[in-house]
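A.B. asks: Please find one structure pasted underneath; my questions will follow.
The values are calculated or read from the model by the stated rules, or taken from the named source; none is laboratory data. These figures come from a predicted structure and were not determined experimentally. Here the Cβ positions follow ideal geometry from the backbone for every residue, glycine too, while neighbour counts run over all protein chains shown. Remember, those area values only see protein heavy atoms, side chains included, never the ligands or the DNA or RNA. Shrake-Rupley method; radii C 1.70, N 1.55, O 1.52, S 1.80 Å.
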Amino acid sequence: MISVQALTKTFGPIQAVRQISFSVSKGEVLGFLGPNGAGKSTTMKMITGFLTPTSGTAVVCGCDIQRSPIMAKRHIGYLPEGAPLYTDMSARGFLRFAAATRGLRGTARQKAVDRAVELAQLQSVIDQPIETLSKGFTRRVGLAQALIHDPDVLILDEPTDGLDPNQKHDVRKIITDMAPEKAIIISTHILEEVEAVCSRALIIAQGEVVADGTPEALMEKSSEHNAVSVRFASTIPATARDELLALPAVEAADIRDVQPHPYILVHPTDGAPIAEAVGELVREKKWNLVEFGTERGNLEEVFRTLTNPPKDDVA
Amino acid sequence: MTLTQSFSNVRVIFLREFLGYFMTPVAYVFLAVFLALAGALTFYIGQFFGRNQADLSAFFTFHPWLFLFLMPALAMRLWAEERKSGTIELLLTLPISIGDAVVGKFLAAWLFALVALALTFPMVIMVNTLGSPDNGVIIASYIASVLVAGGYLAIGSFISAMTKNQVVAFIIAAAVCFVFTLGGSNLVLGFFRSFLSDGLVEVVASFSFLNHFNEMRKGIIGLGDIVFFGSVIVVFLMATAIVLDLKKGE
């Protein structure tokens, strides 16, 4: 439903976004990841028709945002970064305005406002001026505004930024609940969020796409993917590390001497599955364990490696 | 985009903006100051009673001067506030064209000015009680006032689109309005004479709000005057839309 085609944006000498292309189909929640200043917001602003791209375009539900901006915008619900709202209006007044700009009138408008209020759980604050609301409620008003016309495409720029864990949970729940019906793009730099709500993640750095895949696929790039942690009840037997290293496909074994349960993290060569071999060794040696587990991979490490190349590469 | 849709969008923007004036103290402060100043100027400086004439000349004379700073005050928030608070991103990603938004906001400010003018009706009642004025002239004068207000507001809208700072928008708009008001005076023309040919100085003089205003106050609304103010409004609103499109991302 969203097709981004070679979007490029230059601000004077700075190339904020370079030739970014991707597409999002119905039912997908695309997590747009990247460090601050990587070009996430700029890309979203171009897809939603706020900024004019230097080159390239975005097509939303068959409408080119450059050639038929009004048609394209009708299909989009957008929450800009920081959720700017008309704060002197009441939540109800603002949502009624949002509905009216979407061409909704009379009972259709009333229904749309009621539905959005229900979805975003705004009943308790509906008649308060927005400026008196907490950050969490303000964000939800912004979300309700984006949802007011039940759009096919939702674009949310850092929807949970600055919220407390409960509020984050609420916002994520709203997003996952609607996911099957829509094509959603959310930008974030919170990695747990990607695992929690996204079916696909796109990492961008310095205006370019550096990775595109499911969160699982991205985690496979981690050096800790398929690593096995062996946590002992009390002390680690003296020979344990060498015995683990002797197993096939084991690259390294790091002792982490934490009390009361020290553990060894066993790294496989090229992410090979080694859990079974390690498990057999454990049984054979009758080690006294409290925990035995396979690591899925560390998304944070992948993110850092991709967006922050080693210094000698930069030169 | 059909005309009906466009009209409907303008209406939505207009309503929000117009009602917005009344949600903050802006409306009440503005109305109180306008009515107090309009009255004070009429009676003290305009010598309404001293003139001993049943007309509202002493009342209308001061309108361009009053509007000179009151209209920029009304217009300063139109776009500067949207840009400062970031709501411009919300507004311009709604399925509404920039032009519709510019027109809607301008009409809201203009209607608000019209409300302020309408609240001066006791003046009309008073002068009709005291004598028998030429009410045709009074109506023409009101129309002239409304047109001048519209011209100032369009200029104010344009300046407001150029900055994020409402105070800057106010001061610059007032300065630009001042030049337009006094376009026909020696103060402004002397400045332009120093580097423009006589023909062009004539053009500058014809842009004087004051000259057009005083013509209309005589009781005849000429087509030329309407075309003049209409053009000023259209040109500055188009300029507003262009500036917004260029600067919205900043």
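A.B. asks: How large is the convex hull of the C-alpha atoms of the range B:3-246 per residue, in Å³?
C.D. replies: Cα-based convex hull of the range B:3-246, divided per residue, equals 143 Å³.
A.B. asks: For the protein assembly as shown, taking Cα atoms only, what is the radius of gyration to one decimal and the Dmax to the nearest whole Å?
C.D. replies: Just the Cα atoms of the protein assembly as shown yield Rg and Dmax of 32.6, 118 Å.
A.B. asks: Please list, in order along the range A:291-304, the HN-Hα scalar couplings obtained from phi with the Karplus expression 6.51 cos²θ - 1.76 cosθ + 1.60 (θ = phi - 60°), rounded to whole Hz, x for Gly and Pro.
C.D. replies: Karplus-based 3J(HN,Hα) across the range A:291-304 equals 7, 9, x, 9, 7, 7, x, 10, 4, 4, 5, 4, 4, 5 Hz.
A.B. asks: Give me, ordered by chain and number, the residues 5 or more places off A:T54 or on other chains with an amide H under 5 Å from its own placed amide H.
C.D. replies: Placed amide hydrogens put A:T8, A:K9, A:T10 under 5 Å from A:T54.
A.B. asks: Amide H neighbours of A:H75 under 5 Å, counting only residues 5+ apart in sequence or on other chains, H built in-plane at 1.01 Å?
C.D. replies: Answer set, sorted by chain and number: none.
A.B. asks: Ok, one more. Beyond 17 Å, what share of the Cα-Cα pairs of the range A:109-165 is found? Please give it as a whole percent. Numbers along the way, then the final one.
C.D. replies: Numbers: 608 of 1596 pairs.
Cα-Cα pairs in the range A:109-165 separated by more than 17 Å: 38 percent.
A.B. asks: So what's the gap between the Cα centers of the range B:78-154 and the range B:1-51, to the nearest angstrom?
C.D. replies: Taking the Cα centre of the range B:1-51 as reference, the centre of the range B:78-154 is 5 Å away.
A.B. asks: May I ask which of A:K26/A:K168; A:K40/B:K248; A:K45/B:K248; A:K40/B:K105 have a Cα-Cα span longer than 20 Å here?
C.D. replies: Values: A:K26/A:K168 24 Å; A:K40/B:K248 18 Å; A:K45/B:K248 11 Å; A:K40/B:K105 31 Å.
From the list (A:K26/A:K168; A:K40/B:K248; A:K45/B:K248; A:K40/B:K105), the Cα-Cα distance tops 20 Å for A:K26/A:K168; A:K40/B:K105.
A.B. asks: Related question: Amide H of A:T214: which non-local residues (sequence gap of 5 or more, or other chain) have their own amide H closer than 5 Å, using H built in the peptide plane?
C.D. replies: For A:T214, whose amide H was placed from the backbone, the distant partners under 5 Å are A:A201.
A.B. asks: Per residue, how much accessible surface does the protein assembly as shown expose to a 1.4 Å probe? Answer in Å², no decimals. Don't jump to the answer; show the numbers that get you there.
C.D. replies: Values: 25160 Å² over 565 residues.
Accessible area per residue: 45 Å².
A.B. asks: Among B:I233, B:L15, B:Y28, pick out the residue whose Cα is farthest towards the positive end of the charge dipole of the range B:3-246, where Lys and Arg carry +1 and Asp and Glu carry -1 on C-beta, about the Cα centre.
C.D. replies: Of the listed residues, the answer is B:Y28.
A.B. asks: In whole Hz and in residue order, list the ³J(HN,Hα) couplings for the range B:134-151 that follow from phi through the Karplus curve 6.51 cos²θ - 1.76 cosθ + 1.60, θ = phi - 60°; x for Gly and Pro.
C.D. replies: In residue order, the calculated couplings are 7, 5, x, 5, 5, 4, 4, 5, 4, 4, 4, 4, 4, 5, 4, 4, x, x Hz.
A.B. asks: With the full set of protein chains in place, find how many percent of the accessible area of chain A is carbon and sulfur; take the probe as 1.4 Å. Spell out each step's value before the answer.
C.D. replies: Details: 6920 of 14140 Å².
That fraction is 49 percent.
A.B. asks: So, with a 1.4 angstrom probe, what is the percent of accessible area on the range B:31-75 that is carbon and sulfur? Please list the in-between numbers first.
C.D. replies: Values: 1280 of 1900 Å².
That fraction is 67 percent.
A.B. asks: Where the centroid of each part is defined by its Cα atoms, how far is the range A:233-247 from the range B:161-226 in Å?
C.D. replies: So the two Cα centres are separated by 90 Å.
A.B. asks: Okay, moving on. What number, rounded to the nearest 500 deg cm²/dmol, is the helix-based mean residue ellipticity at 222 nm of chain A, given -39500 (n - 2.57) per DSSP H run of at least four residues and division by all its residues? Mind dumping the intermediate values first?
C.D. replies: Numbers: 12 runs with 109 residues, N = 315.
Value at 222 nm, helices only: -10000 deg cm²/dmol.
A.B. asks: Rounded, prolate or oblate: which fits the range B:137-205, taking a ≥ b ≥ c as square roots of the Cα gyration tensor eigenvalues, rounded meaning a/c under 1.5, else prolate when a/b beats b/c? Walk me through the numbers before you get to the answer.
C.D. replies: Working: a/c = 2.68, a/b = 1.14, b/c = 2.35.
Oblate is the answer for the range B:137-205, as a/c is 1.5 or above yet b/c matches or exceeds a/b.
A.B. asks: At the nearest 100 Å², what buried accessible area, both sides summed, do you get for B and A when the probe is 1.4 Å?
C.D. replies: Working: alone 12200 and 15300 Å², together 25160 Å².
Its buried surface, counting both partners, is about 2300 Å².
A.B. asks: Next question, about the same structure. What number do you get for the range A:163-315 when its Cα radius of gyration is normalised by 2.2 N^0.38 Å, N = residues? Kindly include the intermediate steps, with their values, before the conclusion.
C.D. replies: On the way: Rg = 19.2 Å, N = 153, 2.2 N^0.38 = 14.9 Å.
Against the compact-globule rule of thumb, the ratio is 1.29.
A.B. asks: Which of the lysines could a cross-linker span from A:K111 if the Cα-Cα distance has to be under 23 Å and same-chain partners fewer than 8 positions apart are dropped?
C.D. replies: Candidates past the 8-residue exclusion: A:K73, A:K173, A:K182.
A.B. asks: List, in order, the whole-Hz ³J(HN,Hα) value for each residue of the range A:62-69 obtained from phi through the Karplus relation with A = 6.51, B = -1.76, C = 1.60 and θ = phi - 60°; use x for Gly and Pro.
C.D. replies: For the range A:62-69, the Karplus-derived couplings read x, 10, 6, 5, 7, 8, 10, x Hz, x marking Gly and Pro.
A.B. asks: Do any residues of the range B:1-46 lose at least 50 Å² of accessible area when the full set of protein chains is present rather than just their chain alone, and if so which, with a 1.4 Å probe?
C.D. replies: By number: B:V12, B:R16, B:M23.
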